[in-house]
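**Q** Starting off with a structure, shown below.
The values are calculated or read from the model by the stated rules, or taken from the named source; none is laboratory data. Predicted model only: the values in this text are computed from it and were never measured. Positions of Cβ are generated from backbone atoms using ideal geometry, with glycine treated the same way; all protein chains shown enter the neighbour counts. Note: accessible area is taken over every heavy atom of the protein model, side chains too, but ligands, DNA and RNA are not part of it. Shrake-Rupley method; radii C 1.70, N 1.55, O 1.52, S 1.80 Å.
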Amino acid sequence: MKYDFDFETNRKNTNSLKWDEIESTYPMWVADMDFKTAPEITDGFLKRINEGIFGYNVLNDKFYESYINWWDKYHNFKIKKDWIIFSTGVVPSISSAVRSLTNIGDNVVILTPVYNIFFNSIINNKRNVLESALKYENGIYEIDYFDLEEKLKLEKTSLLIFCNPHNPIGKIWDKEELIKIGKLCKKYNVIVISDEIHCDIVAPGYSYIPFASVSDINKDISITLISPSKCFNLAGIQTSIAVIINENLKKKFERGLNTDECAEGNTLAVIAPNLAFNYGRAWLDEMNEYVFNNRLFVEKYFNENIKEFKVIKGYATYLVWIDINGIDSKDFKDYLFKKTGVYISDGILYGKTGKSFIRINIATTKKRIKEALDLIKEAYNMYIIERK
């Protein structure tokens, strides 16, 4: 490998949310990486910083072309410049869209278990969360289309927040699933926000499909949110875009985003996409290979050491979703942290059906993962004995 993903970075005392917010020995919760960002990107940042002036910024052609070329080349989705709106992040875009495209008291549907911040964006804005639980059987998740339609047809349902690929289960949705969701939402006049921030973190040989790329219906009813932040470990740079084809929808969203003051990029945010998409591909490919080897290692470890836990097969994201066999996830998470210092995410954060699941972040060195898994094994054995 050209890049050293076994190098153990020290992120303590760097104002890291993951490492400094909670004093833990192995923080495996927040979705960022412990790998250094591609040097091709940081070299570009340093060149810009060395200019020594940090005034207000505009978006140049390189900014737009980097997204347009990447999605055309790797995802068979031809994005036009006029469809693109800058935002400081996917989460600010979601919250802004909830405010600008729905009314207080409206229903917003989410397919659970799903990224916990979706709940915050809905509840904090005084809208109602409607969980359409994914069907779970034999370690496989599928959409319950009957339940989804029942939620979409309700009079006050106006929005579906969709996660593509899906966090935390690591599922890559296929074309038929995306088309079916689009048709149902069109039928009941429901807008779709498609959060595609994890899109390029995929197992070698796999690729995600943009929601808006599969049909004219999906183009017309959706807002696609994309960014290099997750895939290139640039979350703190705060850069993303919304892709909106429907002109009326775009105007409403853009007005709301500007009202919320989330539409201006900082000095590094406006150059990050060009650096990432034009110079970071080799790093991304090696990172994906390393991370999905980590996933295979985690699956093998649980199969051999904690057979009661089942790792859900996933082909996207660096997050592993684990069925812990009926154990209360929050109770186990708290016990694990108290006994070992390993900090993970308890599944109840992601919806009612996540009560007996945990989520761990494997975007770190294999050495750290092995050490953390050994501690999880040790804590599990103690946990079972103490609760008999």
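**Q** Looking at the stretch 1-31, which of its residues are open to solvent by less than 50 Å² (accessible area, probe 1.4 Å), part of a loop (DSSP other than H, G, I, E, B) and either touching a Leu at 6+ places or on another chain (Cβ under 8 Å) or free of Cβ contacts under 8 Å to residues at least 40 places away in the same chain (or both)?
**A** Scanning the stretch 1-31 gives Thr9, Arg11, Ser16, Val30, Ala31.
**Q** Restricting to the stretch 67-91, count the residues that are assigned to a loop (DSSP other than H, G, I, E, B), free of Cβ contacts under 8 Å to residues at least 12 places away in the same chain and either in contact with a Ser or Thr (Cβ under 6 Å, 6 or more places away or on another chain) or acidic (Asp, Glu) (or both).
**A** Number satisfying all stated conditions: 0.
**Q** Determine whether the stretch 318-334 contains at least one residue that is in contact (Cβ under 8 Å) with a residue 40 or more places away in the chain, β-branched (Val, Ile, Thr), touching a Gly at 6+ places or on another chain (Cβ under 8 Å) and at positive phi.
**A** no
**Q** Name the residues in the stretch 120-131 that are open to solvent by 30 Å² or more (accessible area, probe 1.4 Å) and touching a Gly at 6+ places or on another chain (Cβ under 8 Å), would you?
**A** Answer for the stretch 120-131, where residues must be open to solvent by 30 Å² or more (accessible area, probe 1.4 Å) and touching a Gly at 6+ places or on another chain (Cβ under 8 Å): Lys126, Asn128, Glu131.
**Q** Is it the case that Leu375 is in a helix (DSSP H, G or I), in contact (Cβ under 8 Å) with a residue 24 or more places away in the chain and open to solvent by 10 Å² or more (accessible area, probe 1.4 Å)?
**A** Against the criterion (in a helix (DSSP H, G or I), in contact (Cβ under 8 Å) with a residue 24 or more places away in the chain and open to solvent by 10 Å² or more (accessible area, probe 1.4 Å)), Leu375 qualifies.
**Q** Just the residues that are assigned to a strand (DSSP E or B) and not polar (S, T, N, Q), please, taken from the stretch 107-133.
**A** Hits for the stretch 107-133 are Val108, Val109, Ile110, Leu111, Val129, Leu130, Glu131, Ala133.
**Q** Take the residues in the stretch 257-311 that are more than 20 Å from Lys370 (Cα to Cα) and of a type in the set (Ser, Thr, Tyr), then tell me which one is most open to solvent (accessible area, probe 1.4 Å).
**A** Only one residue tops the list, namely Tyr279.
**Q** What number of residues in the stretch 47-63 are of a type in the set (Val, Ile, Thr) and either in a helix (DSSP H, G or I) or on the phi > 0 side of the Ramachandran plot (or both)?
**A** Final tally of qualifying residues: 1.
**Q** Of the conditions (1) free of Cβ contacts under 8 Å to residues at least 40 places away in the same chain; (2) open to solvent by 40 Å² or more (accessible area, probe 1.4 Å), Thr224 fails just one. Which one is it?
**A** Thr224 satisfies all of (1) free of Cβ contacts under 8 Å to residues at least 40 places away in the same chain; (2) open to solvent by 40 Å² or more (accessible area, probe 1.4 Å) except (2).
**Q** Restricting to the stretch 67-87, and then to whatever is surrounded by 21 or more Cβ atoms within 10 Å (Cβ to Cβ) and of a type in the set (Ser, Thr, Tyr), can you tell me which residue is farthest from Asn278 (Cα to Cα)?
**A** Selected residue: Ser87.
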